[in-house]
Amino acid sequence: MSAASMLRVALRGPSSTLFRAARPQPIAARAGLFVPAAPSNSFSTTIRVRSEHQEETFEEFTARYEKEFDAVEDVFELQRNLNNAFAYDLVPSVAVITAALKAARRVNDLPTAIRIFEGIKSKVENKGQYQQYLDELKPLREELGIPLKEEIYPESA
């Protein structure tokens, strides 16, 4: 058989008349393991268990995160709580931000404290809301010595 003929046969695919197609076996069967078959009616009789969580109000959210930031003992906890707090579709209250800034100071993490203000800036709807947060938090910022990114890098603002 010439090379061109063999190529045509290979391109045609397996022939059902010459060779019987080998069915691939599951890995467990090839390894000689016994795998019991699942009952066929298990899917249709499965009861969905749903969680009965209630919607959390903004006040409950604020109280929960204030408590979590008050309990922060290291940078990992601080950043994890910040990530969780900013993941919601709302801007954390001033009380939550205050607790987060105090926690950042407690664990001596200035970069995270600066990033908190960047997070607020990205979450608010307009510059006026951001300015309200800055005005509200200005005494705490000055007390803790936390500069804004706009103050550190004025050309990038």
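The values are calculated or read from the model by the stated rules, or taken from the named source; none is laboratory data. All values reported here derive from a predicted model rather than from experimental measurement. As a convention, Cβ positions derive from the backbone with ideal geometry for all residues, glycine included, and neighbour counts pool all protein chains shown. When the accessible area is computed, the model is the full protein with side chains, heavy atoms only, and any ligands, DNA or RNA have been set aside. Shrake-Rupley method; radii C 1.70, N 1.55, O 1.52, S 1.80 Å.
Side notes on the structure shown:
- Subset of the stretch 99-119 (residues that are surrounded by 15 or more Cβ atoms within 10 Å (Cβ to Cβ) and within 19 Å of Lys149 (Cβ to Cβ)): Ala100, Leu101, Ala104, Arg105, Asp109, Thr112, Ala113, Ile114, Arg115, Ile116, Phe117, Gly119
- When the criteria are applied in full, Ser42 fails the requirement of being at pLDDT 85 or above, open to solvent by less than 60 Å² (accessible area, probe 1.4 Å) and not acidic (Asp, Glu).
- At least 2 residues being more than 20 Å from Arg64 (Cβ to Cβ) is the threshold, and among the helices (runs of 4 or more DSSP H) wholly inside the stretch 91-144 those reaching it are 110-123, 127-144.
- Inter-residue pairs, beta-carbon under 8 Å, first over 20 Å from Ser93 (Cβ atoms) and in the stretch 131-157, second aliphatic (A, V, I, L, M) and in a loop (DSSP other than H, G, I, E, B), 6+ apart: Lys149/Ala157; Glu150/Ala157
- When every residue of the stretch 127-136 is checked against the conditions, at least one turns out to be under 16 Å from Phe58 (Cβ atoms), surrounded by 15 or more Cβ atoms within 10 Å (Cβ to Cβ) and at pLDDT 95 or above.
- Within the stretch 145-157, tally of residues that are modelled with pLDDT of 95 or more and assigned to a helix (DSSP H, G or I): 0
- Selected residue (criterion: farthest from Glu118 (Cα to Cα)) from residues of the stretch 74-89 that are among the polar types (S, T, N, Q) and open to solvent by 40 Å² or more (accessible area, probe 1.4 Å): Asn84
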